[in-house]
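Here's the structure we're looking at; comments come further down.
The values are calculated or read from the model by the stated rules, or taken from the named source; none is laboratory data. The structure displayed is predicted, hence computed values, not measured ones. So basically every Cβ, Gly included, is an ideal-geometry build from the backbone, and we count neighbours across all protein chains shown.
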Amino acid sequence: MKILVADDDPQIIRALTVTLRARGYDIVTAEDGAGALNQAIEHHPDLIMLDLGMPNLDGIDVIHGIRGWSTVPILVVSGRTGEADKVEALDAGADDYVTKPFSIDELLARIRALTRRVLTVEDAPLITFGTVTVDLVGKHIYHGSIDEPDTIRLTPTEWAILEVLLRSPGKLITRDALLTEVWGVHHTNDSGYLRVYIAQLRKKLEPVPAQPRYLITESGMGYRFNPDRIASERPAESQRPAQSGER
């Protein structure tokens with residue numbers, strides 16, 4: 001597996017190169033934003049580790065540039081610890097965010113999690129529920145038939161949430177698990193933020209957003225994607241007693 005490490009600190013590049021090569025990864029490096037884009041285009045890495053504060057081209061601009069043509073997982077490794085910086089990077093299309101200084105064990109765990117996610121998504125067929133078809137590999141989603149599709153636009157964060165739910169049809173995904181997967185371990189208390197995104201997904205994907213059939217809230221616990229075979233067997237969410245005031 002090939003990893004692109006992009007950072008303007010030569011010591012970090014050297015340390016990560018030694019550590020990751022010792023664990024069997026093939027490493028290419030870049031010391032500025034423009035170099036990161038060029039290396040990504042030339043080498044097509046399986047994962048990109050990216051600092052935000054690089055010369056020539058900021059990390060956010062690099063993410064936007066890569067997302068214009070690739071869905072490769074992007075792990076931001078940055079000294080910027082502010083919540084606004086993390087949200088900006090994730091909304092731009094990053095898949096995970098680690099702050100400096102970091103634990104090597106945690107970093108390796110994040111890499112393994114992202115690479116497992118890639119293998120799962122790439123093996124997934126088209127997923128259809130109701131009139132909606134989702135292509136997780138091609139990052140396309142539409143209403144209607146393939147011959148006459150009506151494209152639905154999702155933000156990178158909406159895509160990330162939807163992918164987590166669709167990968168486990170019928171299974172409860174706890175709020176903490178969903179927040180950790182999409183925003184990282186430091187955002188497990190941001191359930192209000194998560195509810196906003198779930199509401200936006202329902203507006204775009206549910207036949208009747210106020211009576212969700214596929215993206216279900218399990219009150220006090222989390223969320224569940226109900227495929228057609230399950231949705232047809234259970235009452236709509238709005239028909240069940242609400243608990244904890246959660247929607």
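Some notes on this structure:
- Qualifying residue in the range 17-25 (condition: β-branched (Val, Ile, Thr) and either outside the structural domain of VAL98 (by TED's automatic domain parsing) or loosely packed, with under 14 Cβ neighbours inside 10 Å (or both)): yes
- Criterion violated by ASP9 - all others in (1) over 20 Å from ARG112 (Cα atoms); (2) in contact (Cβ under 8 Å) with a residue 60 or more places away in the chain satisfied: (2)
- Subset of the range 1-37 [touching a strand residue (DSSP E or B) at 6+ places or on another chain (Cβ under 6 Å) and farther than 17 Å from ASP51 by Cα]: LYS2, ARG21, TYR25, ASP26
- Leading residue by the ranking (modelled with the highest pLDDT) among those in the range 196-247 that are farther than 19 Å from VAL132 by Cβ and within 23 Å of the chain's Cα centre (by Cα): VAL196
- In the range 181-195, residue farthest from the chain's Cα centre (by Cα) [restricted to those that are at pLDDT below 85 and buried (at least 17 other Cβ atoms within 10 Å of the Cβ)]: HIS187
- Some residue of the range 27-41 being assigned to a strand (DSSP E or B), touching a residue at least 24 places away in the same chain (Cβ under 8 Å), surrounded by fewer than 18 Cβ atoms within 10 Å (Cβ to Cβ) and not β-branched (Val, Ile, Thr): no
- Number of the condition not met by ARG80 [criteria: (1) part of a loop (DSSP other than H, G, I, E, B); (2) free of Cβ contacts under 8 Å to residues at least 24 places away in the same chain]: (2)
- Any hit, the range 154-161, residues being assigned by TED's automatic domain parsing to the domain that holds GLY59, under 21 Å from VAL62 (Cα atoms), outside any loop (DSSP other than H, G, I, E, B) and modelled with pLDDT of 85 or more: no
- ILE66 in a helix (DSSP H, G or I), hydrophobic (A, V, I, L, M, F, W, C) and surrounded by 17 or more Cβ atoms within 10 Å (Cβ to Cβ): yes
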